[in-house]
Amino acid sequence: MADPNLAAAIKAALASVDIPGGGALSGYAGLSEIIVTTSAVAFAIAVAPGMEAAFGPAREAAQAAAATVAPGRKIMVSLTSDKAPPATGQAAAQGRSGPAPKSPVSGVKHIVAVGSGKGGVGKSTVAVNLALALQAEGLRVGMLDADLYGPSIPKLLGLEGKPAVRADGIFIPHDAFGIKAMSIGSMLNPDQAVVWRGPMATSALRQLLRETDWGDLDILVIDLPPGTGDIHISLFQQAEVTGVVIVSTPQELALIDAKKAIDMLRRLNVPLLGLVENMSYFIAPDTGRRYDIFGTGGAETAASSLDMPFLGAIPLVMTIRETSDGGQPVVVSDFAGPEAQAFTTIARRILAGTPALRT
Ligand code: ADP
């Protein structure tokens, strides 16, 4: 639960933190709102471009002050400056520093991200079942829910409570059906999600990614927010992503949105593993008859015109919705069934297309 008294107490403690140029952090105009959740405290300090290093000690002191007032909560203090990231080539030519170089995520061999053009196409459902299907292929798999604006992985995987935090501040992920899972949703109250914009969101992503004890994973599946935004750019700039799977429904509109997302990923030089068509067709439970309610083959045609692999189609079935809502994804609740097998096919096609994922 949000705790306004705790936020006020933290702000009061920031009176002891000096900032460059004189004065205390508590009275500094660049201090953001202090967000308190059941497991975390987060705030940002906006500084002028070039002042990041000078504010480093203030950030550390703020972190320590907040930890004293709110022991047991994960403290996330980010320094932000609204400098636009320079285009690498131009920046280099002008002798300015570009974005920080990519660095590996400790314990993670490969990152596979799952994206979509718009929300509600079943991206999270596909991400979770794909993670489980990859695990069934013998791989060690983790799952990071980076969909800050609609985190649904806790419900899909039946995660309860908040992740534990080690004494050194590192998260211990949930274990769900053998998958190590972290979600920003476990840390946020639903009404707070919207305040995590821009720098706050990307800072939260960085900490979830890099301050979690992932153990030893072959693949970390990341559920991206729909569309393309700060989270995507931040992820692709800081870590090597082996590839992205795009989920789309066959509807023309969803595909147009998917194409926009694909265009942007190409511009960022992120490899595309392929397109999954979700809610492709409907099988009537009583007659077993198949209805191509949105027309057939939209995503398959789109995949070939976009020059990317078509990974497979998932039917629109009650079982998928019910098992998702019940925290028992279809790949674990009915592995031999046709819906789970559709995910197995997709996982195998991904592994066949990118054999390096097995190494
Ligand atoms: P997104 O991540 O794209 O916003 P979700 O995965 O949260 O979408 O799915 C949106 C809703 O659609 C959920 O209620 C989910 O259970 C349901 N859903 C997703 N895929 C299917 C499917 N193939 N058949 C039936 N329901 C589905």
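The values are calculated or read from the model by the stated rules, or taken from the named source; none is laboratory data. Predicted, not measured: the structure shown is a model, and the values here were computed from it. All Cβ positions, even for glycine, are placed from backbone atoms using ideal geometry, and neighbour counts span all protein chains on display. Note: areas computed on protein heavy atoms with side chains; ligands, DNA, RNA excluded. Shrake-Rupley method; radii C 1.70, N 1.55, O 1.52, S 1.80 Å.
Observations on the structure shown:
- Contact map, segment 156-177: first residue in a loop (DSSP other than H, G, I, E, B), second residue among the basic types (Lys, Arg), Cβ cut-off under 7 Å, separation 6 or more or different chains; pairs are Gly169/Lys74; Pro173/Lys180.
- Residue match in segment 287-299 (condition: open to solvent by 40 Å² or more (accessible area, probe 1.4 Å), of a type in the set (Asp, Glu) and more than 16 Å from the ligand (Cβ to nearest atom)): no
- The set of residues from segment 202-228 being β-branched (Val, Ile, Thr), in a strand (DSSP E or B) and more than 16 Å from the ligand (Cβ to nearest atom) comprises Thr212, Ile219.
Residues are listed down the side, and each one gets a yes or a no for (1) in the same structural domain as Ala239 (by TED's automatic domain parsing); (2) open to solvent by 20 Å² or more (accessible area, probe 1.4 Å); (3) within 29 Å of Thr228 (Cβ to Cβ); (4) touching a Lys or Arg at 6+ places or on another chain (Cβ under 9 Å):
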{"residue": "Leu265", "(1), (2), (3), (4)": "yes, no, yes, no"}
{"residue": "Ala302", "(1), (2), (3), (4)": "yes, no, yes, yes"}
{"residue": "Pro309", "(1), (2), (3), (4)": "yes, yes, yes, yes"}
{"residue": "Met318", "(1), (2), (3), (4)": "yes, yes, no, no"}
{"residue": "Phe335", "(1), (2), (3), (4)": "yes, yes, no, no"}
{"residue": "Ala340", "(1), (2), (3), (4)": "yes, no, no, no"}
{"residue": "Ala347", "(1), (2), (3), (4)": "yes, no, yes, no"}
{"residue": "Ile350", "(1), (2), (3), (4)": "yes, no, yes, no"}
{"residue": "Gly353", "(1), (2), (3), (4)": "yes, yes, yes, no"}
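- Residue count for segment 232-252 satisfying the condition of being open to solvent by 50 Å² or more (accessible area, probe 1.4 Å) and within 14 Å of the ligand (Cβ to nearest atom): 1.
- Positions within segment 159-174 being surrounded by fewer than 16 Cβ atoms within 10 Å (Cβ to Cβ) and either within 16 Å of the ligand (Cβ to nearest atom) or within 20 Å of Val114 (Cα to Cα) (or both), in sequence order: none
- Residue within segment 190-201 that is modelled with pLDDT under 80, within 14 Å of the chain's Cα centre (by Cα) and within 16 Å of the ligand (Cβ to nearest atom) present: yes
- Among the residues of segment 8-55, those that are in a helix (DSSP H, G or I) and open to solvent by 20 Å² or more (accessible area, probe 1.4 Å) comprise Ala8, Ala9, Lys11, Ala12, Ala13, Ala15, Ser16, Ser26, Gly27, Glu52, Ala53, Ala54.
- Where Ser186 falls short, out of the listed (1) open to solvent by 10 Å² or more (accessible area, probe 1.4 Å); (2) within 15 Å of the ligand (Cβ to nearest atom): (2)
- Residues that are in contact (Cβ under 8 Å) with a residue 60 or more places away in the chain and in a loop (DSSP other than H, G, I, E, B) within segment 229-269 comprise Ala239, Glu240, Val241, Thr242, Thr249, listed in sequence order.
- Scope segment 308-327; condition near the ligand (Cβ under 8 Å from one of its atoms) and assigned to a loop (DSSP other than H, G, I, E, B); matching residues: Ile314, Pro315, Val317
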